[in-house]
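A short reminder: the numbers here are calculations on the coordinates, not readings from a lab. Remember, predicted model here, so these are calculated numbers, not experimental data. In this analysis, Cβ positions are derived from the backbone assuming ideal geometry, glycine residues included, and neighbour counts consider all displayed protein chains.
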Amino acid sequence: MNADQMEGQWKQMKGKMREKWGKLTDSDWDQIAGKKDQLLGKLQERYGYSREQADREYDDWERANHQTRVA
């Protein structure tokens, strides 16, 4: 997958993720930039999730949306 495809996929995924995790700010999304560890950290910070709960929430979202994992 080339850089343009990766960027396009991230933009699509980000839109769907914003629907689920609306507490994350534009700045949060810019920092996450397609990195799973960054996303999980922000979920912990904004929602008060444990690391395990953030992992479960992400895995549930991924299954429901049939998306490729972020890096």
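Observations on the model:
- Using a Förster distance of 25 Å, the FRET efficiency for residue 26-residue 52 (Cβ separation, nearest 0.05): 0.35
- Förster radius 22 Å - calculated FRET efficiency between residue 9 and residue 45 (Cβ-Cβ, nearest 0.05): 0.35
- For residue 38 and residue 64, a Förster radius of 30 Å and the Cβ-Cβ distance give a FRET efficiency of 0.90, rounded to the nearest 0.05.
- For region 32-71, the equivalent ellipsoid derived from the alpha-carbon gyration tensor has semi-axes of 16, 12, 7 Å in decreasing order.
- When you restrict to C-alpha pairs under 8 Å that are six or more residues apart and normalise by the size of region 32-71, the relative contact order lands at 45 percent.
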